[in-house]
Each structure stands twice: as structure tokens, then as C-alpha cells.
Amino acid sequence: MIPELHISKVQSNLYEARLLDGKEEIFPSEFYESITDAIRGVAEDFPAEISEFLEVGYVDVSIGTQWVGKMKAEPAALAEQLVNLAAAVWQSQEERGACVRQSA
């Protein structure tokens, strides 16, 4: 099983990064000022003997399995993918909700 990095927004400029193996935490949660910092920080500290890959998610979306080396080299690009995907999902749900309300 590939470990999972779950990032969630706690408040403005505070993000929690949780590393999970299934439902079990691998390490205690850490807090960062941005999604980019969370991706970079976890990648830099993650032991290669556990895995060279992590499933990366934010809120309820995932950008899939990522190589830890890429997470170190391109954390801002991965953070942008997560935010854009989360925004697209939110917008789609809002539009679908509006359509359902209009047709009812």
C-alpha cells in the first residue's frame, strides 16, 4: 500500500499534513504555513525506506501517486494542481446543486 499525505486547511496560513498508511497515522501531524510548504516539508523528511511515492490529497481531492523526488523539486506546481482540482470540484458541485434546485 502506498502511504497517503492528506493536507487540510486549519485556518488562514495554517495547514495540517497527515501521513497515513490506510487509516493509521505513520507520523504525528505537522503544521505548515502553506500547501506548498506542507508538500516540501513532508517530502524532505519522509524516509525513503518506507516508500519513494506518496498519494497526495487536499480536502476531498487527490492528484494521485507522486514521486517524493518530484514533491521536493516541484512542491508549488503540485500545490497548484491540488488547489485547482479542489476548486473545480467545488464549482461543479455548486453548479449541480443550482441545477437540482432549479428543476425541483
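The values are calculated or read from the model by the stated rules, or taken from the named source; none is laboratory data. Computed from a predicted model, the values in this text were never measured in an experiment. No Cβ is skipped: glycine too gets one built from the backbone with ideal geometry, and neighbour counts run over all protein chains shown. Ligands, DNA and RNA are excluded from the accessible area calculation, which covers all protein heavy atoms including side chains. Shrake-Rupley method; radii C 1.70, N 1.55, O 1.52, S 1.80 Å.
A few points about this structure:
- Scanning the chain for GluC sites (Glu not before Pro) in DSSP loops with at most 13 neighbouring Cβ atoms within 10 Å leaves 53-104 as the longest stretch between them.
- Karplus-based coupling profile of the stretch 49-63, in residue order and whole Hz: 5, 7, 5, 9, 9, 9, 7, 10, x, 9, 6, 10, 10, 9, 9, with θ = phi - 60° in 6.51 cos²θ - 1.76 cosθ + 1.60 and x standing for Gly or Pro.
- Amide H partners (placed H, <5 Å) of ILE50, local residues excluded: none
- Of the trypsin sites (Lys or Arg not before Pro) found in the stretch 15-83, those in coil by DSSP whose Cβ has at most 15 other Cβ atoms within 10 Å are LYS23.
- Heavy atoms of the protein chains alone define the surface here; on that basis the stretch 22-104 has 64 Å² accessible area per residue at 1.4 Å probe size.
- Quarter of the Cα convex hull surface for the stretch 1-90, i.e. its orientation-mean projected area (nm²): 5.3 nm²
- One chain, two ends: SER51 and ILE26. Fully extended at 0.36 nm per residue, the span grows by 7.8 nm beyond their Cα-Cα distance.
- Acute angle (nearest 10 degrees) that the helix 75-103 long axis makes with the longest principal axis of the chain, alpha-carbon atoms: 20 degrees
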